[in-house]
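Okay, structure first, notes after.
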């Protein structure tokens, strides 16, 4: 049984009016791949025809554009040809989509659950973990903020992008990245020679660890070194300095 359908543009900000041509052109034909026939069929919307396919229409087709107003287009069940035309249109799913309230509700619930999970995870972070995530998500030096400010700003960021937060917090490589960034922030690691050398700054021992090749990320270089056989001893020493 046919039903009324409403379609919407998928852009966040829809134009006042958006037009879909009722037919293709010689340079850009409007085609639909028919699996049963094994061929491309030319699509054409004509309000006085009973099919959206040109090969099933007569010579009196009245072709007209399809216009979305304020991002929406309502098509009553009395116009099944336009519904069929839109359902199989190449732009469907990319430029526009049919509004499906059940699907939208499921997606909204999934997003809300994701946000709740992320907020709970963020709330349970230790101070060290919070500072590490703040470095990665907010790009800030946590020593310049109070704990309350960090927790507030992180919760706001997590609500904005819960999926990104959960990806970061569950990635062991990301955890190490935040840890190494803290070594730099605390001064236990430093640069010399115009940021081409990374040095270890212990209380009684200062030593060049590694050279940063031109164009490479200093964090990646530092992490690779600290995870090497030669660098593990320095990693343990840096962790001990951080805990003091």
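Okay, here's what the table says:
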{"read-out": "For the range 53-126, average projected area of the Cα convex hull in nm²", "value": "7.9 nm²"}
{"read-out": "Acute angle (nearest 10 degrees) that the helix 101-123 long axis makes with the longest principal axis of the chain, alpha-carbon atoms", "value": "10 degrees"}
{"read-out": "Debye intensity ratio I(q)/I(0), log10, the range 149-208, q values 0.30 Å⁻¹ (C-alpha model)", "value": "-1.17"}
{"read-out": "Hull shadow area, averaged, the range 47-87 [alpha-carbon convex hull, nm²]", "value": "3.1 nm²"}
{"read-out": "Order by protection proxy (mean Cβ within 10 Å, highest first), peptides 33-46, 93-106", "value": "33-46, 93-106"}
{"read-out": "Order of 229, 173 - criterion: other Cβ atoms within 10 Å of each residue's Cβ, fewest first", "value": "229, 173"}
{"read-out": "Principal axes of the range 106-244: Cα extent on each, largest first, Å", "value": "55, 30, 26"}
{"read-out": "Scattering curve values for the range 171-244, log₁₀ I(q)/I(0), Debye with Cα scatterers, q = 0.11, 0.14, 0.19, 0.21 Å⁻¹", "value": "-0.23, -0.38, -0.73, -0.90"}
{"read-out": "In degrees, nearest ten, helix 147-160 long axis to first principal axis of the chain (Cα)", "value": "20 degrees"}
{"read-out": "Size descriptor, Kirkwood hydrodynamic radius, that averages inverse alpha-carbon separations across the range 5-99, Å", "value": "13.9 Å"}
{"read-out": "√(5λ) per eigenvalue of the Cα gyration tensor, the chain, largest first, Å", "value": "60, 22, 15"}
{"read-out": "Whole-number percent relative contact order across the chain, with pairs defined as alpha carbons under 8 Å at least 6 apart", "value": "14 percent"}
{"read-out": "Euclidean distance between Cα centres, the range 169-187 to the range 63-135, Å", "value": "34 Å"}
{"read-out": "In degrees, nearest ten, helix 232-243 long axis to first principal axis of the chain (Cα)", "value": "90 degrees"}
{"read-out": "Relative contact order [Cα under 8 Å, 6+ residues apart], the range 5-99, whole percent", "value": "42 percent"}
{"read-out": "Ranked packing of 234-241, 121-128, most packed first, by mean Cβ within 10 Å", "value": "234-241, 121-128"}
{"read-out": "GNM top mover of 118, 17, 157 - the chain, alpha-carbon springs below 10 Å", "value": "17"}
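Any read-out appearing in this document is the output of simple, stated calculations on the displayed coordinates, not a laboratory observation. All figures in this text were calculated on a predicted structure; none of them were measured in a lab. No Cβ is skipped: glycine too gets one built from the backbone with ideal geometry, and neighbour counts run over all protein chains shown.
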